[in-house]
Number of protein chains: 2
Amino acid sequence: MADELSAKQRGILQFLEDFIAKHDYPPSIRDIQNGCDISSTSVVDYNLKRLEEKGFIRRDREVSRAIELLDGQGERRRRGTVQVPVLGKIAAGIPLPVHPDQLAPEDVLDLTEDIAGNRAGLYALRVQGTSMIDALINDGDIVILEPKQVADPGDVIAAWIVDREETTLKKYYPEGARVRLQPMNSTMEPIYEDAANVEVQGKLVATIRAF
Amino acid sequence: MADELSAKQRGILQFLEDFIAKHDYPPSIRDIQNGCDISSTSVVDYNLKRLEEKGFIRRDREVSRAIELLDGQGERRRRGTVQVPVLGKIAAGIPLPVHPDQLAPEDVLDLTEDIAGNRAGLYALRVQGTSMIDALINDGDIVILEPKQVADPGDVIAAWIVDREETTLKKYYPEGARVRLQPMNSTMEPIYEDAANVEVQGKLVATIRAF
DNA sequence: TTTCGAACAGAACATATGTGCCGCGTGGGA
DNA sequence: TCCCACGCGGCACATATGTTCTGTTCGAAA
């Protein structure tokens with residue numbers, strides 16, 4: 001049960017993704033041959049068979065360009081969307097995961113580029129409780145975050161307030177030694193924290209509330 | 001400049017959608033022929049040329065199964081997503097469009113089924129102003145609505161308050177002759193309106209805020 | 001009526017494309 | 001050492017598939 005992919009197989013997989021993203025239909029074997037600088041169609045065929053065995057693609061035999069991309073577990077993949085892992089919950093009293101990659105996603109959210117933009121490494125969290133109500137974020141909402149340790153002024157960030165052990169979502173304005181954290185609800189007053197007391201944990205990309 | 005599609009052309013387009021949704025790769029001309037009960041490949045070819053002229057598909061000549069689905073305006077379509085038209089703005093003082101179909105969308109938003117669900121006829125509106133802040137909806141947010149003239153208790157609806165000429169987004173609880181409209185921010189008090197003074201204009205499906 | 005073009009039928013044609021077969025290195029195990 | 005699976009190269013082959021050509025039908029316009 002070999003789950004390992006050879007360099008050539010990873011290259012083919014990458015080429016498949018790019019080609020489909022570009023053309024909206026799968027490449028032929030000879031397209032792959034040229035795109036990956038492979039010497040023979042039979043080599044492509046050989047490696048496609050391996051990829052199919054390992055559950056990364058599915059092929060309909062005898063049909064041109066009949067390659068479907070799977071995710072390595074035999075699951076169908078969606079096109080034109082970004083898979084964003086839902087890593088867990090976010091509440092006032094718990095810090096965000098610092099290394100999102102290390103967590104097993106409990107769920108996956110498909111997002112279009114309309115929402116996700118071209119950012120990479122995004123992850124999502126479910127909001128638990130109403131502690132972020134001042135950020136116009138309710139219990140049950142989903143927040144999409146881009147992992148970041150530094151933020152630009154004006155970014156909406158997820159900040160960990162060290163001494164209060166609290167996560168908050170606010171607009172970020174560094175002002176010398178202190179930081180102004182402005183609620184997104186413009187009728188509310190900003191709070192000020194010592195710069196050393198604020199840890200930037202990520203940048204807010206979007207929030208989604210479904211009913 | 002014929003924008004009209006014949007029944008056969010609509011059938012082919014439908015078949016294309018279904019086939020691609022099912023297989024993740026486009027059908028061959030003969031697949032279309034069989035799937036649509038068309039007598040000859042040349043008829044398929046003929047109608048595909050028409051569809052291409054009208055901007056519903058794009059084809060790469062001489063390449064098998066090289067059909068891309070477009071949206072009728074020559075724009076690329078995404079797969080596994082729902083196209084939701086952005087019909088305009090929503091503000092406190094303007095009613096929602098009653099017949100969304102009749103408006104030309106100023107923009108199109110791609111949504112995955114994760115967000116849109118399986119509902120049909122959805123449309124989106126951009127929120128202008130902060131008048132919906134009590135519904136945790138900010139200036140610039142996008143609201144996704146399902147057209148509906150009647151709502152179930154507990155639905156979050158877009159309601160037109162007749163005498164105040166005002167649009168509001170609230171949870172809907174009919175209570176006999178009056179209606180309780182509960183803000184989504186649970187710390188705020190509900191308002192009560194005469195049932196005749198409340199017009200249900202649609203059901204809120206989701207809200208999206210992108211940064 | 002005639003004319004003309006849109007839509008279609010049927011078949012032949014050219015080629016794009018998946019598949020199979022034979023063979024060659026190479027490296028590890030018996 | 002021999003043997004064999006693995007990964008690969010090269011090529012021929014069958015066919016899946018897009019294209020094209022000739023004709024037919026039908027309805028509207030002349």
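How high is the relative contact order of chain B, given as a whole-number percent (alpha carbon pairs under 8 Å, six or more residues apart)? List each step's numbers first, then the result.
Values: 386 pairs, mean separation 30.1, N = 211.
So the answer I get is 14 percent.
Quickly estimate the mean residue ellipticity at 222 nm for chain B, helices only: each DSSP H run with n ≥ 4 gives -39500 (n - 2.57), and the total goes over all residues, rounded to 500.
-6000 deg cm²/dmol
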Can you list the distances in nanometres, one decimal and ascending, from the B:K22 label point to the identical position in each other copy, with the point 7 Å along Cα to Cβ?
-> 3.0
Contour minus Cα-Cα distance for B:R119 and B:R30 (0.36 nm per residue) = 28.8 nm
Eligible lysines near A:K170 by straight Cα distance, threshold 27 Å, same-chain separation 8 or greater | A:K89, A:K148, A:K203, B:K89, B:K170, B:K171
Per residue of region A:132-146, in order, report the coupling 6.51 cos²θ - 1.76 cosθ + 1.60 (Karplus, θ = phi - 60°) as ³J(HN,Hα) in whole Hz, putting x for Gly and Pro.
-> 9, 4, 6, 9, 6, 10, 9, 4, x, 5, 10, 10, 9, 10, 10
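Counting Lys and Arg as +1 and Asp and Glu as -1, each charge on the Cβ, what is the dipole of the protein assembly as shown about the Cα centre in debye, to the nearest 20? Write down the numbers at each step before the final one.
Values: 52 positive and 70 negative charges, 225 e Å.
With only Lys, Arg, Asp and Glu charged at Cβ, the dipole is about 1080 debye.
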Considering amide H positions built from the backbone, and no H for Pro or chain starts, which residues 5 or more places from A:D141, or on another chain, come under 5 Å of its amide H?
-> A:V127
Find the eigenvalues of the gyration tensor of the Cα atoms of region A:81-208, then list the square roots of 5 times those eigenvalues as equivalent ellipsoid semi-axes, largest first, in whole angstrom.
-> 23, 15, 15
Ascending list, in nanometres, of distances separating the B:E175 label from those of the other copies (7 Å, Cα toward Cβ) = 4.3
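When only DSSP loop residues count, what GluC sites (Glu not before Pro) in region B:1-54 have their Cβ near at most 13 other Cβ atoms within 10 Å? Write out the running numbers ahead of the final one.
On the way: sites: B:E4, B:E17, B:E52, B:E53; in loops: B:E4.
Taking region B:1-54 and a limit of 13 other Cβ atoms within 10 Å, the loop GluC sites (Glu not before Pro) found are B:E4.
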Total charge dipole magnitude, region B:81-208, about the Cα centre, Cβ charges on Lys, Arg, Asp, Glu only, Debye to nearest 20 | 120 debye
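Rounded if a/c is under 1.5, else prolate if a/b beats b/c, else oblate: with a ≥ b ≥ c from the C-alpha gyration tensor eigenvalues square-rooted, which is region A:7-69? If you can, show how the numbers build up before the last one.
Details: a/c = 1.21, a/b = 1.03, b/c = 1.17.
The shape class here is rounded.
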Name the aspartates and glutamates eligible as straight-distance cross-link partners of B:K54: C-alpha to C-alpha under 16 Å, and not fewer than 8 places from it in the same chain.
-> B:D3, B:E4, B:D45, B:E68, B:D71, B:E75
Shortest first and in nm, the label-point separations between B:P153 and its counterparts in the other identical copies (7 Å out along Cα→Cβ) come to 5.3
Would you please give the residues with an amide H less than 5 Å from that of A:T112, counting only those at least 5 places away or on a separate chain, with H modeled from the backbone geometry?
-> A:V82, B:T112
Dipole axis of chain B (+1 Lys, Arg; -1 Asp, Glu on Cβ), positive-most option in B:V63, B:A124, B:A135 = B:V63
Which residue is it, in chain A, whose C-beta lies closest to the A-to-B rotation axis, and what is that distance in whole Å?
-> A:S64, 1
On average, how much area does the Cα convex hull of the protein assembly as shown cover when viewed from any direction, in nm²?
-> 25.8 nm²
How far is it, in nm, from the label point at B:R59 to the one at A:D194 when both lie 7 Å from their Cα along the line to the Cβ?
-> 7.2 nm
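Bear in mind these aren't lab numbers, they're just calculated from the coordinates by the rules spelled out. Keep in mind that this is a model prediction, so the values were computed, not measured. All Cβ positions, glycine included, derive from the backbone under ideal geometry; neighbour counts span all protein chains shown.
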